[in-house]
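The values are calculated or read from the model by the stated rules, or taken from the named source; none is laboratory data. Here the structure is a predicted model, which means the values were calculated and not measured. When we count neighbours, we look across all protein chains shown, and the Cβ atoms used for this are built from the backbone with ideal geometry, even at glycine.
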Amino acid sequence: MRKTLSVLLTAAMATSMLAACGSSNTQATQAPAETKAAETQAAATTAAPAETKAAETVAAVTEAAKEAEANGETITVGFAQVGHESDWRTASTNSVQSALSKENGIDLQFVDCDNDSAAQLEAVRNFIQQGVDYIVIDPIVSTGWDTVLTEADDAGIPVIVIDRTIDDSDKYVSWVGSEFTNEGLAAGAWLKAYVADKGISEVNALVISGTTGSSAQIGRSNGFDKYVEAENWNKIDEQTGDFTQEGGQKVMESYLKSYDGKFNVVVCQNDNEAFGAIDAMKAAGVSYGVDGDVIVISFDACTAGLQKVLAGEINADFQCNPLQGPDCLNIIKKLEAGETVDQKTFMAEPWYVAEDKLKEITYTNNSGNEVTEPLVVVDQAVVDAAY
Ligand code: GYE
């Protein structure tokens with residue numbers, strides 16, 4: 001634990017961010033920066049300009065970091081992970097644990113919050129009490145964060161957010177993850193092109209959504225709903241399967257009781273839900289996939305998901321990349337060196353399909369830009385390269 005370094009670091013970031021104020025909205029957030037900068041300046045004996053102060057503080061941080069390294073001290077990081085609900089989550093945990101490792105000079109404290117938001121807030125508070133150097137959060141839900149992030153900020157502990165977003169606080173230094181709305185929009189754009197190609201005139205869709213209130217669920221639902229509205233599709237129902245296989249199976253079993261024979265599309269917001277939904281359809285004798293009556297759409301594109309695309313059981317799978325560990329390490333290294341970090345980092349994500357028919361999709365993404373993106377036909381090599 002290196003409290004002095006951590007406090008200096010926050011001050012350095014704040015001061016350099018103040019100097020950059022207004023120059024770019026991809027830089028670290030400004031509200032906490034202003035508060036911290038004010039504190040830093042109040043503590044200063046002479047009223048030096050912000051840039052000089054930043055340079056001085058960065059130099060102090062770099063010195064402290066060098067000293068810590070020379071003393072063989074490690075950086076302590078607390079990671080409050082969502083849980084262990086899916087293949088995606090396992091890959092995310094492995095990625096962070098192998099990047100934030102002893103070999104890389106980090107003592108990682110890992111907490112599996114088991115999809116319980118209250119437990120996640122408590123885990124973060126415990127990290128603050130222990131005085132870790134950094135806190136990494138993958139937020140289960142996107143709201144309810146401002147108080148605890150203010151506590152972390154007051155304690156001078158930089159917070160890095162990965163994967164899902166926090167929507168009601170800007171008191172974190174950096175976020176790295178996916179553009180979930182684009183995933184939902186891409187799914188809608190693909191379905192529009194696919195049904196047109198197949199001459200299917202009516203879309204009757206059932207959605208099995210992810211954990212309610214998670215930004216992954218909100219983004220994927222919002223993106224797909226844009227197409228539901230624009231194309232006048234019939235979205236029969238949307239129930240949560242909580243991103244689990246068991247949840248996906250249960251929701252599909254209940255859908256089959258209510259809507260048997262009335263739907264031709266099922267949208268599962270992750271692969272594990274799709275596995276459960278497929279099992280339920282199989283058991284009920286409903287045909288699905290490339291040769292069946294029901295088109296199956298999924299998200300994540302983990303190895304087992306892509307195997308089902310290769311087998312023609314899932315028609316299209318929109319990747320969400322969980323390998324955020326190296327980015328996370330990079331952000332910590334930059335902060336240690338007193339450098340400014342990007343406020344947002346987006347993962348690159350391809351879209352996978354089972355059939356070699358459509359080559360690409362064009363849609364207006366969440367930033368309002370019209371984009372044309374390739375559709376990758378899954379073969380064994382794609383499966384072998386998956387996470
Ligand atoms: O899609 C799902 C996981 O937050 C993007 O959470 C992540 C989602 C992912 O459980 O499989």
With the first residue restricted to region 88-103 and required to be at pLDDT 95 or above, and the second required to be of a type in the set (D, E, K, R) and away from the ligand (no atom under 16 Å from the Cβ), Cβ contacts under 9 Å at 6 or more apart or on different chains are Leu100/Asp107
Checking Pro374, Pro326 in turn, the sole residue that is surrounded by fewer than 16 Cβ atoms within 10 Å (Cβ to Cβ) and within 30 Å of Ile137 (Cα to Cα) turns out to be Pro326
Of Asp138, Asp116, the only residue that is within 16 Å of the ligand (Cβ to nearest atom) and surrounded by 23 or more Cβ atoms within 10 Å (Cβ to Cβ) is Asp138
The residue that is nearest to the ligand (Cβ to nearest atom), considering only those in region 163-208 that are outside the structural domain of Asn222 (by TED's automatic domain parsing) and of a type in the set (Lys, Arg), is Arg164
Listed by first then second residue, the pairs whose first member lies in region 297-318 and is under 20 Å from Phe263 (Cβ atoms), whose partner is of a type in the set (Asp, Glu) and assigned to a strand (DSSP E or B), with beta carbons under 6 Å and at least 6 positions apart or on separate chains, are Ser298/Asp317
Per the filter on region 183-227, residues of a type in the set (S, T, N, Q) and in contact (Cβ under 8 Å) with a residue 24 or more places away in the chain are Asn204, Ser209, Thr211, Thr212, Ser214, Ser215, Gln217, Ser221, Asn222
Residues of region 236-247 being within 11 Å of the ligand (Cβ to nearest atom) and either farther than 9 Å from Gln269 by Cβ or part of a strand (DSSP E or B) (or both), in sequence order, are Asp242, Thr244, Gln245, Gly247
Checking Ser214, Ser221 in turn, the sole residue that is within 16 Å of the ligand (Cβ to nearest atom), more than 14 Å from Ser298 (Cα to Cα) and not acidic (Asp, Glu) turns out to be Ser214
Only one of (1) among the β-branched types (Val, Ile, Thr); (2) surrounded by 22 or more Cβ atoms within 10 Å (Cβ to Cβ); (3) more than 30 Å from Pro374 (Cα to Cα) does not apply to Thr143, and that is (2)
Within 14 Å of the ligand (Cβ to nearest atom), surrounded by fewer than 19 Cβ atoms within 10 Å (Cβ to Cβ), within 30 Å of Lys198 (Cα to Cα) and not β-branched (Val, Ile, Thr): is that true of Ala284 in this structure?
no
Among residues of region 72-103 being surrounded by fewer than 16 Cβ atoms within 10 Å (Cβ to Cβ) and not charged (D, E, K, R), the residue farthest from the ligand (Cβ to nearest atom) is Gly72
When region 226-254 is checked residue by residue, the ones that are surrounded by 18 or more Cβ atoms within 10 Å (Cβ to Cβ) and under 11 Å from Ala205 (Cα atoms) are Val228, Trp233, Lys235, Glu238
Given the conditions (1) part of a helix (DSSP H, G or I); (2) under 19 Å from Glu336 (Cα atoms); (3) of a type in the set (Asp, Glu), every one holds for Glu122 apart from (2)
Filtering region 71-92 for residues that are farther than 12 Å from Val136 by Cβ, in a helix (DSSP H, G or I) and among the small types (Gly, Ala, Ser) leaves a count of 1
Selection over region 157-175 where residues are crowded, with 21+ Cβ neighbours inside 10 Å and in contact (Cβ under 8 Å) with a residue 60 or more places away in the chain yields a count of 11
When restricted to Gly368, Gly338, the only residue free of Cβ contacts under 8 Å to residues at least 24 places away in the same chain, out of contact with any Pro (no Cβ under 9 Å at 6 or more places or on another chain) and at positive phi is Gly368
